[in-house]
Every structure is written in structure tokens, then in C-alpha cells.
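Chemist: Before anything else, here's the structure in question.
Nothing in this text is a laboratory measurement; each read-out follows from the coordinates by a stated rule. Every value quoted in this text rests on a predicted model; they were computed, and no experiment measured them. Glycine gets a Cβ as well: all are built from the backbone with ideal geometry, and neighbour counts include every protein chain shown.
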Amino acid sequence: MGLFGLLKMQFVCHLIICYVFLVSGLIVNFLQLCTLPLWSINKQLARKVNCRLAYCISSQMVALLEWWSGTECTLYTDPASYPFYGKEDAIVVLNHNFEIDFLCGWTFCERFGVLGSSKVLAKKELAYVPVIGWMWYFLEIVFCKRKWEEDQKTVVQSLQRLKDYPENFWFLLYCEGTRFTQKKHKISMEVAERKGLPKLKYHLLPRTKGFCVTVQHLRGKVTAVYDSTLNFRNNQTPTLLGILNGKKYHADLYVRRIPLDSIPENESECAIWLHKLYQEKDELQEKYSVTGRFPGPTLSPPRRPWALLNWLFWICLLLFPLCLLLLQLFHSGSAFTICTTVLLCFAASLGVRWMIGQTEINRGSSYGNKEGQLNNNAQVSKVTNKDSRTTKTSAACTAGIKNNHEQFSTKQEGNTQLDQDTGSCSC
Ligand SMILES: CC/C=C\C/C=C\C/C=C\C/C=C\C/C=C\C/C=C\CCC(=O)SCCNC(=O)CCNC(=O)[C@H](O)C(C)(C)COP(=O)(O)OP(=O)(O)OC[C@H]1O[C@@H](n2cnc3c(N)ncnc32)[C@H](O)[C@@H]1OP(=O)(O)O
Ligand SMILES: CCCCCCCCCCCCCCCCCC(=O)OC[C@@H](O)COP(=O)(O)O
């Protein structure tokens, strides 16, 4: 390890990085607050301003990944789809296995010029995370409690608002709803079994409501779904703390562009379509685990300098007053002031550690982890079944999907309607 590598592991460097992130983030949050009056005067301008302000925050984390840790990102995609990326609004469906998968997503957003405007269907808890969560409020991020009865109204309203969004955006959906753990996987596969759906090896069973409602309400605005699968080389399990320590990872992202027109409009057909998509994603993961790569050509977009320049700008701006303050402090010689400052620094680093904790899987939620929830849903499922979505029908449709599997893959290449045949199950 070189001198620079050693430097990256020093606690003082982490303190400086976190200080710059926290203070610049709070300044940006304050500026976002100042745009509130502008919303009633010129909403589109307010949105554009907020996209740029948000970029100042999220690009710092991207710079940390790209320039500090030197993590490499390889994109596997059809060259014919490449020109569309960053030039259209899209829904991104991504697997949810890694602590920094959101950061890799952001990196691709940055490389295609949509970082400031990127959106996600996020759990409500994240809205309260200082800096990032507060920034999201001004970006009109869609939040959910992960309980459809409570979410339906707000999610639909939030999606409707995005219909006239003035910037190109990618709307990220982790349809699995939570990060993959062995326990969540086991419970989720019990649900799959009850529903007569094929078992998945690498994914949790997707929750379909969010996807279907997003497709339904953003139709006409969004033109494609990007079916994306992320992996890290050599079974790496990257963490944000690893990135902060300058550890280099190698991410592989497979993206398949599916025109939105080819996704069924009918809700139950759309749900079947999504289950089918996850069965295909699972097969792709199997291939990756055997060969260590995704099929098809790689077309990695290069890093852009803007994230780094923005980061350097904030470092220069905020380090100077910090140095002055520290000098003054130690010259003053007051034990009380010095102790207060040390305590404040300690509290701030605890705060940042808590924020980093939000990304850690072993501190994750118990969502999808509870037997109780499973039983409740099984009951809900029974009720729904009466409502024509019978397990039997579901199983029959799945069989239809299986039979049409290869046909589907070829059809998708040609951007054709997904499984007319499966749709004809009339589920
Ligand atoms: C070219 C480059 C391309 C791509 C680059 C990649 C990415 C970049 C893109 C954008 C980046 C943007 C931003 C990134 C930045 C940060 C993101 C960070 C974090 C946010 C992430 C989150 O917060 S994830 C958590 C919140 N989100 C979600 O949960 C979304 C998914 N969920 C849904 O959509 C749900 O439908 C819902 C939450 C809306 C509602 O859920 P609910 O459960 O109430 O209803 P459902 O009907 O959907 O599900 C219930 C049915 O599910 C069955 N089921 C399945 N598994 C289980 C289980 N384990 N336990 C119990 N039940 C289960 C259940 O049986 C129900 O079935 P019924 O038949 O009875 O309905
Ligand atoms: C320059 C950079 C400085 C870095 C230091 C400061 C880092 C502060 C980081 C704050 C990050 C907060 C954004 C959190 C995004 C977390 C995304 C995520 O993965 O959420 C999990 C949910 O999907 C599901 O939750 P679970 O049900 O699995 O539980």
C-alpha cells in the first residue's frame, strides 16, 4: 500500500471528509429552504435550481466512490440502447443486495448527467436523515411506509406531480422492498410457494404494487424501464466505511432497456410481468455467479470531472474557516472552549456514524423478516384471491410465463409487448 493509500485510512481524513459533507450539506439544505417562495412564483425554475443544489450534495458521495476509493464501474448493455441513457425519463428496476448499491446507481446517474434529478421510491424513515433526506424533500422524492393501504394515496399524488418535471430523471425502484438477507429470502420464498410462483435464488419476491402504480402514473412521461442488475467482482461485499477507507471495488452493472409501451397496462398483468422479470433477473445472476461476468458487450461511460471539482470547491471553501477557527481556539487557551469544541466534534462524528449506519444491512429494518407479517399477508392474500387473483390462476400464469420464457427474451430484444400469451391468462 502506497503513502496515499495509508493516508486514506487515517481517521483525521475521515473527520475532514465528514465535516465538509455535513456542513456543505446543511448549507445546501438551507439554500433549498430559501427556494420555497420561488415554488409559487416559478415552479419549474425552483425544480431546476433544486436539482443543481442536490447535485452539490450527492456528487460528493459519488466523488468519494469514483476518485477517493477509485472504484471502477463497468456497464454491460446493448449498444443500441446506449444513446437513450440520460436523454429520456426512465424507471430503473434494481436488485437490492449491497450496502452501496444506491451509490453505484448515483455514479451511473452522474455519468449520464441525471444525478441532480434522480428519484427513488424510498422508505419514509429516510426522509428524516439530515442532509440527504432533507434534500430529497425538495427533489420531490416519493416516500412510502411500505404498507399499501397507507401509501396508496400519497404515492399516487407524488407520482402525478412528476408528470411535468422539467429535467430528465431516472426513477429507481427496489421492488424487493428491502435488502437481501438469508432470513428475508427464506420467508419471501415461503410466500412465493404459497402463491404458486417459482422460487428465486438470488432475489426476494418482488412487491408489485409500487412498480405497477409507477408504470401506470408515469406512462406518457417515462419512456422505458431499465432492468438493471448489479454485482461486485470476486464476491466483494462493499461498504460505505470501506469506501471512506479508500478501498477499491469493481462494480458490474447489467442494463436492459425495455420500452414502456411493451409493459401491460392492466394491473394484474403488470404484476405478472414483474414476477417474470425477476425470474429472468435470477437466471442472469446465476450466469454471473458461474462465469463472473454478465453476457454481452461492455460500454463503460467515463468518469466526469464535475463531481470532483464540486467536492474540491467545498473542501477549499470550508477548510479555510475551520483552520482559522481551530487556530483561534487554541490561541485563546480557554479549557472550556476547547472542551466544548471537542465535544461538538465528537457529537458530529457520532451523527455521521449514525447516517452511515443507515446504509448497513446488519442494522437494516425487520421489514420482510416477520413471520407475523407473512401470516397477515397470507390472510390478505386469501381475501385478494376471492377477488379473482386466485393462487391457482397465479400458478397457471406462472406456468404460462415459464413456457414462454425464451420467447419473451427474444421478444424483449425486439421491444415487443410482453407475453401476450401470458396476459391471455386473464389473471
Ligand atoms: C444506464 C444505467 C441504469 C441504471 C442505473 C441504476 C440506478 C440509478 C437510478 C436512480 C438512482 C436514484 C436514487 C438512488 C439513491 C438513493 C436510494 C436509496 C434508498 C431508497 C431505497 C429504499 O428505501 S427501498 C424501500 C422502499 N421502497 C420500496 O419498498 C419499493 C418496493 N415496494 C413496493 O413497491 C411495494 O409495492 C409498496 C411499498 C408500494 C407497497 O407494499 P405492500 O407490501 O404493502 O404491497 P404489495 O402488494 O406490493 O406487496 C404485498 C404482497 O407481497 C407479498 N409478499 C412478498 N414477499 C413477502 C414477504 N416477505 N412477507 C410478506 N408478504 C410478502 C404479499 O403476500 C402480498 O401479496 P398479495 O397477493 O397478498 O397482495
Ligand atoms: C463525501 C461523503 C461523505 C460520506 C460520509 C457521510 C455519509 C452519510 C451517508 C448518508 C447516507 C444516507 C442515505 C441512505 C440511503 C440508504 C439506502 C438504503 O439502502 O436504504 C435501505 C432501504 O432501501 C431498505 O432498507 P432495509 O429494509 O433493508 O433496512
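Chemist: Order 255-266, 41-52, 87-98 from most to least packed using the mean count of other Cβ atoms within 10 Å.
Modeler: 87-98, 255-266, 41-52
Chemist: Using the Kirkwood formula over every pair of different C-alpha atoms, what hydrodynamic radius in Å results for the chain?
Modeler: Answer for the chain: a Kirkwood hydrodynamic radius of 23.2 Å.
Chemist: Please report the net charge: other residues with Cβ closer than 14 Å to the Cβ of residue 140, K and R +1, D and E -1.
Modeler: Summing Lys/Arg as +1 and Asp/Glu as -1 gives +4.
Chemist: Let me ask something additional. State the percent of C-alpha pairs, over all pairs in region 126-267, separated by a distance greater than 17 angstrom.
Modeler: Tail fraction, whole percent: 72.
Chemist: Using the Cα centre of region 247-299 as the reference point, and only Cβ charges (+1 on K/R, -1 on D/E), how large is the resulting charge dipole? Debye, rounded to the nearest 20.
Modeler: Dipole about the Cα centre, nearest 20: 560 debye.
Chemist: Using a Gaussian network for the chain with springs between C-alpha atoms less than 10 Å apart, which of these wobbles most: 18, 323, 109?
Modeler: Checking each option, the largest mean-square fluctuation is seen for 323.
Chemist: Here is a further query. Using amide H atoms built 1.01 Å from N in the peptide plane, name the residues 5+ places from residue 35, or on other chains, whose amide H lies under 5 Å from its own.
Modeler: Residues meeting the criterion, in which the H sits 1.01 Å from N, do not exist here.
Chemist: On C-alpha positions alone, give me the angle between the axis of helix 182-195 and the longest principal axis of the chain, in degrees, nearest 10.
Modeler: Long axis of 182-195 versus the principal axis of the chain: about 20 degrees.
Chemist: Report the gain in length on full extension from residue 190 to residue 235: 0.36 nm times residue separation, minus Cα-Cα distance, nm rounded to one decimal.
Modeler: Value of the extension gain: 13.6 nm.
Chemist: For the chain, with the dipole built from +1 on Lys and Arg beta-carbon atoms and -1 on Asp and Glu ones, taken about the Cα centre, which of 74, 279, 97 lies farthest toward the positive end?
Modeler: Projecting each Cα onto the dipole axis, the largest value belongs to 97.
Chemist: Report, by chain and number, residues whose modeled amide H sits under 5 Å from the one on residue 224, excluding near sequence neighbours (fewer than 5 apart, same chain).
Modeler: Placed amide hydrogens put 91, 260 under 5 Å from residue 224.
Chemist: Same structure again: Between residue 287 and residue 167, what is the spin-label point distance in nm, taking each point 7 Å from the Cα along the Cα→C-beta axis?
Modeler: Using points 7 Å along Cα→Cβ, the separation is 3.4 nm.
Chemist: Continuing with this model, one more query. With angles folded into 0 to 90 degrees, how steeply does helix 148-161 sit against the dominant principal axis of the chain? Use alpha carbons for both and round to 10.
Modeler: 70 degrees
Chemist: Where Rh is the Kirkwood radius over the Cα pairs of region 308-363, the temperature 20 °C and the viscosity 1.002 mPa s, what D in µm²/s does Stokes-Einstein return?
Modeler: Rounded to a whole number, D works out at 158 µm²/s.
Chemist: Quick one: if the Förster radius is 41 Å, what FRET efficiency do residue 327 and residue 360 give, using the C-beta to C-beta distance and rounding to 0.05?
Modeler: E between residue 327 and residue 360, to the nearest 0.05, is 0.65.
Chemist: Further question on the same structure: Beyond a 24 Å Cα-Cα separation, which of these cross-linked pairs lie in this structure: 145/281; 195/287; 123/209?
Modeler: 145/281; 195/287
Chemist: In nm, what is the difference between 0.36 nm times the number of residues separating residue 306 and residue 125 and their Cα-Cα distance?
Modeler: So the extension gain works out to 62.1 nm.
Chemist: Using only the Cα atoms, work out Rg/Rh for region 122-168, with Rh taken as the Kirkwood radius, to two decimals.
Modeler: Reported Rg/Rh, Kirkwood definition of Rh: 0.99.
Chemist: Sequence gap at least 6, Cα distance under 8 Å: using those rules, report the relative contact order of the chain to the nearest whole percent.
Modeler: 23 percent
Chemist: For region 263-272, just list the computed ³J(HN,Hα) in residue order, Karplus coefficients 6.51, -1.76 and 1.60, θ = phi - 60°, integers in Hz, with x standing in for Gly and Pro.
Modeler: In residue order, the calculated couplings are 9, x, 7, 5, 4, 6, 5, 5, 5, 4 Hz.
Chemist: Limiting things to C-alpha atoms, what are the Rg and the maximum Cα-Cα separation (Dmax) for region 66-141, in angstroms?
Modeler: Expressed in Å, the Cα Rg and Dmax of region 66-141 come to 13.7, 40.
Chemist: Ordered by residue, what ³J(HN,Hα) values in Hz, to whole numbers, does region 77-86 give under the Karplus form 6.51 cos²θ - 1.76 cosθ + 1.60, where θ = phi - 60° and Gly and Pro are x?
Modeler: 7, 5, x, 5, 7, 3, x, 6, 5, x
Chemist: Continuing with the same structure: Checking the cross-link filter: which lysines have an alpha carbon closer than 23 Å to that of residue 48, excluding same-chain neighbours under 8 positions apart?
Modeler: 87, 119, 163, 221
Chemist: For residue 248, which aspartates and glutamates qualify as cross-link partners when the Cα separation must be under 12 Å and same-chain residues fewer than eight apart are set aside?
Modeler: Result set, ordered by chain and number: 66, 72.
Chemist: Search the structure for amide H atoms under 5 Å from the amide H of residue 74, placed 1.01 Å from N in the peptide plane, and list their residues when 5 or more places away or on another chain.
Modeler: 251, 252, 253
Chemist: Further, regarding this structure: Report, in debye and to the nearest 20, how large the dipole of the chain comes out about its Cα centre when Lys and Arg carry +1 and Asp and Glu carry -1 on their Cβ.
Modeler: 620 debye
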